[in-house]
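Note sheet for the following structure.
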Amino acid sequence: MEILMADETKTAEAPAAEKAAPAEKAQSQAQAPVQVQVNDDNAVATYANFCRVTGSPEELIIDFGLNPQPIGVPKEPIQVKQRIIVNFFTAKRLLAALQMSVARHESVFGVLETDINKRVRPGLQQQQQQQAPAKS
């Protein structure tokens with residue numbers, strides 16, 4: 001069995017297609033989606049609410065961990081549980097896949113606010129506004 005990387009393509013072209021111009025070949029290959037087989041039997045799933053991205057000119061290092069104190073500065077160091085190292089080509093494909101997934105989620109459930117203070121404070125502001133008319 002042959003396993004292909006996500007960025008590899010393998011097509012069986014007809015002899016007539018071999019005579020086609022290189023631009024036409026590239027366009028026809030780009031239009032045909034490639035089915036990649038994935039075996040995730042040994043995959044380990046972990047939850048992360050923290051990530052850090054560092055790297056070098058050749059690769060990105062993405063660390064994932066669990067921050068037990070998501071509001072404010074943590075008192076204890078965040079323990080990195082997973083480290084993924086990717087080249088920039090894979091990072092760019094990951095970026096596109098994540099952008100597409102987040103856009104789909106937001107189209108169904110609304111915009112995600114990443115600033116925790118803006119997520120927590122609106123509830124406090126609503127309570128204060130409701131209490132203000134009661135005082136007058």
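The values are calculated or read from the model by the stated rules, or taken from the named source; none is laboratory data. Nothing here was measured: the structure is a model prediction, and the numbers come from that model. Virtual Cβ from ideal backbone geometry, glycine too; neighbours counted across all protein chains shown.
Summary of computed values
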quantity	calculated
Residues being farther than 28 Å from Val120 by Cβ and in contact (Cβ under 8 Å) with a residue 24 or more places away in the chain - total across the range 80-101	8
Test for Lys92: is it basic (Lys, Arg) and more than 26 Å from Ile116 (Cβ to Cβ)	yes
Residue match in the range 14-23 (condition: of a type in the set (D, E, K, R), surrounded by fewer than 13 Cβ atoms within 10 Å (Cβ to Cβ) and either at pLDDT below 60 or part of a loop (DSSP other than H, G, I, E, B) (or both))	yes
Enumeration of residues in the range 51-98 that are surrounded by 11 or more Cβ atoms within 10 Å (Cβ to Cβ) and of a type in the set (D, E, K, R)	Arg52, Glu59, Asp63, Lys81, Arg83, Lys92, Arg93
Selection from the range 52-79 of residues that are modelled with pLDDT of 95 or more and within 30 Å of Val120 (Cβ to Cβ)	Arg52, Val53, Thr54, Ile62, Asp63, Phe64, Gly65
Tabulated pairs, the range 45-63, first under 14 Å from Phe89 (Cα atoms), second aromatic (Phe, Trp, Tyr) and modelled with pLDDT of 95 or more, C-beta under 9 angstrom, 6+ apart or interchain	Gly55/Phe88; Pro57/Phe88; Glu58/Phe88; Glu59/Phe88; Leu60/Phe88
